[in-house]
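Participant: Quick one: structure below, then a few questions.
The values are calculated or read from the model by the stated rules, or taken from the named source; none is laboratory data. Just so we're clear, the structure is a prediction, and the values are computed from it rather than from any experiment. For neighbour counting, all protein chains shown are included, and Cβ atoms are generated from backbone atoms with ideal geometry for every residue, glycine included. Just so you know, the surface numbers come from the protein's heavy atoms only, side chains and all, with ligands and any DNA or RNA stripped out. Shrake-Rupley method; radii C 1.70, N 1.55, O 1.52, S 1.80 Å.
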Amino acid sequence: MTLRALKQALVAELSSDTAFRFINTRVILRTGVDLQRAGDDELSAERLSLVRKELQEMGFLRGFDE
Amino acid sequence: MSESMRYAHVRETDEASIADALVAGVGPDPAAIVMFYGSERPGASLSRRIAAAYPKAALIGCMGASELSTGQHAAQSVVAAGLPRGLVARAAVALADYGDGLERGIARALRELEQTFGPLTSLDPATHVGLIFLDSNHAIEERTHVVLGNHAPLLPFVGGSSCRFGFDRSEVVTSNGAITHGCALMVLELSRPFHVSRSCHFGPTSTRFIATRVEGRMLHELDGRPAAEVYAEYVGVAHPSELTYLNLMPNPIGLVIDGEAWLRQVWPPIQSNGTIHLGCAIAEGSELFFMKPKTDLVTSMQAELRGVKHLLGQPRGALFFDCVGRRSELEITGALDRYMQLPDFPMIGFNTAGESWIGHMAQTLTAVYFG
C-alpha cells in the first residue's frame, strides 16, 4: 500500500477536484496528512494505515486492494 | 414571491414584544428560520413561540456572544431571519442530544433529517447545505464533524459554536426544543446558487513545527520539545509562565490547508506543565505554522465580499458565523462599526466560540451566502 495508490483510488471515486480537496481537508484535520503534498517516502506504515482507515470510515476505498 | 432573506434585529427585553417584532421582520411564510440570541434573552422560549407561529417552517438557532445583522452588532439582543420559499425548496432540522453519547445523538438526528431528504450521502452538495450550531462546553466539535463526515462526507455543515462571553454557557435550539449538550442541525435544499465561505485574515509565517505529541486539544510537544517553551521563544518571553492570552492571541498557530490558514487558537487556561491548551484539536504529526495577519479585518472583509459578489452577484441574504476573537480585535482597533457596514445585503449572524465548516476552527468567519 502506498499513499499514491490511496490517492489514485480516492480520485477515481470522486467526481471533481473540488470534491477531492473537500475530502483532503477532512483527511488533514483527522490525520495531519495532506494527500496533495505528502510523498510516499514521508509516511510511516502506521500513518498510512490511519489515512486508509479514515477514508474507509467516510465510505471510500471499500474495494481498495493492497 | 420575494426571494430575499428577511430579518429582524430586536433589542427589546420583553418576550412577547421580541416575538412580535421577530414575526413582523421574518415575513409571512418562510421555509426556514434562523435565530440567534443573547444569554439573558429567553431563547428557548422564543424559539418555541416562533416555531408555533410558523408551523410549516424549520427553525434552528443558538445563543451567541453577540448578535449581528446588516450594519448592526449588539449583545443581549435577538436576531432572526426567514429564508423564503423562493430560496429554499426543502428544509429539515434535528437536535442531536448527546446526553446518552455523541454517536447516539447524531444517529437519531440523522434519521430525523433523512425522513425529509432520504440518505444524506445522495444529496448534491451543489444544491444542498447543512447548518450546524454546537455547544462549546463539552469539546464536542471535532468528533461531531468526524461522525457527520463519516455519514455524508461531501455534504458541508457550516456554522459555529454557541457561547456567551465567559464561555461558561451555551444553548442550541430547533423547532423541536433546546439543549445544552449536543448540536442543532439543519439541511437545506436551495433553489438558487449559494456560496459557502471561510475567511481568515491570518497567513503562515516561515516558522513551522511538527506536532510531535498531541492529545486532542492538548498540544504537548512541538518538534520534540515542550510546546510552551517553543511558544515562549516565539513570542519573546523568557519563560512559559509569562505566556498570557494577550501575548498569545496575536501569535496563533495553525494548519495550512489548500494555502489557507486554519487557526488553532489558544484557550484558557492557556498552558500548564509545558502543554499549550488549544481551542481546536490537532492530529499528531501535523505540520503547524505560527501565523500573522496578512491584512486587517476590514480589508479582509472587503476582499471577501468582492469575491462573493463576483460569484453570486448581489447576495439575497447571508448567515455569518464570526469568531468572538475577531470581534475583540475589531473593538481593540476601533474598526467594528466600519466592518459591520460592509455587508450591503440582508445578513444575520452571531459571534462564535469557534467556527464550523468540514471541521472546527478558530478566529475565522464561516458564512453562507444566498444568490
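Participant: Chains A and B: buried accessible surface, both sides, probe 1.4 Å, rounded to 100 Å²?
Facilitator: Working: alone 4320 and 14180 Å², together 16820 Å².
The A and B chains share an interface burying roughly 1700 Å².
Participant: What per residue convex hull volume, in Å³, comes out for region B:43-187 when only alpha-carbon positions are used? Spell out each step's value before the answer.
Facilitator: Values: hull volume 17.0 nm³, N = 145.
For region B:43-187, the hull spanned by Cα atoms encloses 117 Å³ per residue.
Participant: Per residue of A:22-28, count partner chain C-beta atoms within 10 Å of its C-beta, then hand back the mean as an integer. Don't jump to the answer; show the numbers that get you there.
Facilitator: Details: counts 8, 4, 2, 9, 8, 2, 10.
Taking all residues of A:22-28 together, the mean is 6.
Participant: Given B:S4, B:M186, B:L222, which one lies farthest toward the positive end of the charge dipole of the protein assembly as shown, if we put +1 on the Cβ of every Lys and Arg and -1 on the Cβ of every Asp and Glu?
Facilitator: B:S4
Participant: Where does each of B:320-332, B:285-297 land if you order them by average Cβ count within 10 Å, highest first?
Facilitator: Details: B:320-332: 21.1, B:285-297: 18.8.
Put in order of decreasing packing, that is B:320-332, B:285-297.
Participant: In Å², what does the accessible area per residue of region B:245-369 work out to with a 1.4 Å probe? Let's see the in-between values first.
Facilitator: Details: 4220 Å² over 125 residues.
That works out to 34 Å² for each residue.
Participant: While we're looking at this one, here's another question. Per residue, how much accessible area does chain A have with a 1.4 Å probe, in Å²?
Facilitator: Details: 3500 Å² over 66 residues.
Value for chain A: 53 Å² per residue.
Participant: Can you tell me the accessible area per residue over region B:102-229, all protein chains present, probe 1.4 angstrom, in square angstrom?
Facilitator: Details: 4770 Å² over 128 residues.
Value returned for region B:102-229: 37 Å² of accessible area per residue.
Participant: Continuing with the same structure: Each label point is 7 Å from the Cα along the Cα-to-Cβ direction; what then is the distance between the points at A:T2 and B:K292, in nm?
Facilitator: 4.0 nm
Participant: Using helices alone, what [θ] at 222 nm do you get for chain A, with -39,500 (n - 2.57) per DSSP H run of 4 or more residues, divided over all residues and rounded to the nearest 500? Write out the running numbers ahead of the final one.
Facilitator: Values: 3 runs with 39 residues, N = 66.
Result for chain A, helices only: -18500 deg cm²/dmol.
Participant: Same structure, new question: According to the Kirkwood expression over distinct Cα-Cα pairs, how big is the hydrodynamic radius of region B:1-46, in Å?
Facilitator: On the way: mean 1/r = 0.0876 Å⁻¹.
One decimal place: 11.4 Å for the Kirkwood radius.
Participant: For region B:140-275, what relative contact order do you get, as a whole percent, if you take Cα pairs closer than 8 Å and at least 6 residues apart? List each step's numbers first, then the result.
Facilitator: Numbers: 114 pairs, mean separation 19.4, N = 136.
Relative contact order of region B:140-275: 14 percent.
Participant: What are the ³J(HN,Hα) couplings of region B:87-93, residue after residue, when phi is run through the Karplus curve with 6.51, -1.76, 1.60 and θ = phi - 60°? Round to Hz, x for glycine and proline.
Facilitator: Couplings: 9, 10, 7, 8, 8, 8, 10 Hz.
Participant: To the nearest 500 deg cm²/dmol, what mean residue ellipticity at 222 nm is calculated for chain B from DSSP H runs of n ≥ 4 alone, each contributing -39,500 (n - 2.57), summed and divided by the residues?
Facilitator: On the way: 9 runs with 93 residues, N = 371.
Rounded to the nearest 500, the figure is -7500 deg cm²/dmol.
Participant: Let me ask another. Do me a favour and compute the ellipsoid semi-axes for region B:161-306 from its Cα gyration tensor, root of five times each eigenvalue, largest one first, whole Å.
Facilitator: Values: eigenvalues 186, 89, 45 Å².
Each semi-axis is the square root of five times an eigenvalue, giving 30, 21, 15 Å.
Participant: Just going by the charge dipole of region B:1-152, with Lys and Arg at +1 and Asp and Glu at -1 on Cβ, which of B:I18, B:A58, B:Y37 is farthest out on the positive end?
Facilitator: Of B:I18, B:A58, B:Y37, it is B:A58.
Participant: Same structure, new question: Could you tell me the distance between the Cα centroids of region B:309-335 and region B:189-267, to the nearest Å?
Facilitator: First find each Cα centre; the distance between them is then 21 Å.
Participant: Residue by residue through region B:360-371, what is 3J(HN,Hα) from phi via Karplus (6.51 cos²θ - 1.76 cosθ + 1.60, θ = phi - 60°)? Round to whole Hz and write x for glycine and proline.
Facilitator: With the stated coefficients, region B:360-371 comes to 9, 8, 10, 6, 9, 10, 9, 8, 10, 10, 9, x Hz.
Participant: I need the shape label for region B:223-371. Rule: rounded when a/c is under 1.5, else prolate if a/b > b/c, else oblate, with a, b, c from the alpha carbon gyration tensor. Walk me through the numbers on the way to the answer.
Facilitator: Details: a/c = 2.50, a/b = 1.94, b/c = 1.29.
The shape class here is prolate.
Participant: ³J(HN,Hα) across region B:255-268 via Karplus (A = 6.51, B = -1.76, C = 1.60, θ = phi - 60°), whole Hz, x for Gly/Pro?
Facilitator: 8, 10, 10, 6, x, 10, 7, 10, 6, 10, 6, 5, 9, x
Participant: Counting partner chain Cβ atoms within 10 Å of every residue's Cβ in A:57-64, what's the average?
Facilitator: Numbers: counts 6, 8, 7, 1, 0, 0, 0, 0.
The mean count of partner-chain Cβ atoms within 10 Å per residue comes to 3.
Participant: Still on this structure, I have one more. Go ahead and set up a Gaussian network model of chain B, Cα springs under 10 Å, then flag whichever of B:A32, B:A303, B:A92 fluctuates most.
Facilitator: Highest fluctuation of the listed residues: B:A303.
Participant: What average number of partner chain Cβ atoms lie no more than 10 Å from the Cβ of the residues making up A:43-54? Mind dumping the intermediate values first?
Facilitator: On the way: counts 1, 1, 0, 1, 3, 0, 0, 3, 0, 0, 0, 4.
Counting Cβ atoms of other protein chains within 10 Å of each residue's Cβ and averaging gives 1.
Participant: Could you grab the relative contact order for chain A? Cα pairs under 8 Å, six or more apart, rounded to a whole percent. Intermediate results must be reported in sequence, preceding the final value.
Facilitator: Numbers: 41 pairs, mean separation 26.5, N = 66.
It rounds to 40 percent for chain A.
Participant: Write down the radius of gyration of chain B and its Dmax, each obtained from C-alpha positions, in Å.
Facilitator: 20.0, 64
Participant: Still on this model: How large is Rg over Rh for the protein assembly as shown, taking Rg from the Cα atoms and Rh as the Kirkwood inverse mean of 1/r across Cα pairs?
Facilitator: Values: Rg = 21.2 Å, Rh = 22.1 Å.
Using only Cα positions, Rg/Rh for the protein assembly as shown is 0.96.
Participant: Using Cα pairs closer than 8 Å and at least 6 residues apart in sequence, work out the relative contact order for region B:54-170, in percent.
Facilitator: Working: 127 pairs, mean separation 32.0, N = 117.
That works out to 27 percent.
Participant: Give the residue list of trypsin sites (Lys or Arg not before Pro) in chain A that are DSSP loop and have at most 12 other beta-carbon atoms within 10 angstrom. Walk me through the intermediate numbers first.
Facilitator: Details: sites: A:R4, A:K7, A:R21, A:R26, A:R30, A:R37, A:R47, A:R52, A:K53, A:R62; in loops: A:R37, A:R62.
Answer by residue number: A:R37, A:R62.
Participant: Sticking with this structure for a sec: Which log10 I(q)/I(0) values does region B:4-129 give at q = 0.10, 0.15, 0.18 Å⁻¹ under the Debye formula, counting every alpha carbon as one identical point scatterer?
Facilitator: The calculated log intensity ratios at q = 0.10, 0.15, 0.18 Å⁻¹ are -0.35, -0.76, -1.02.
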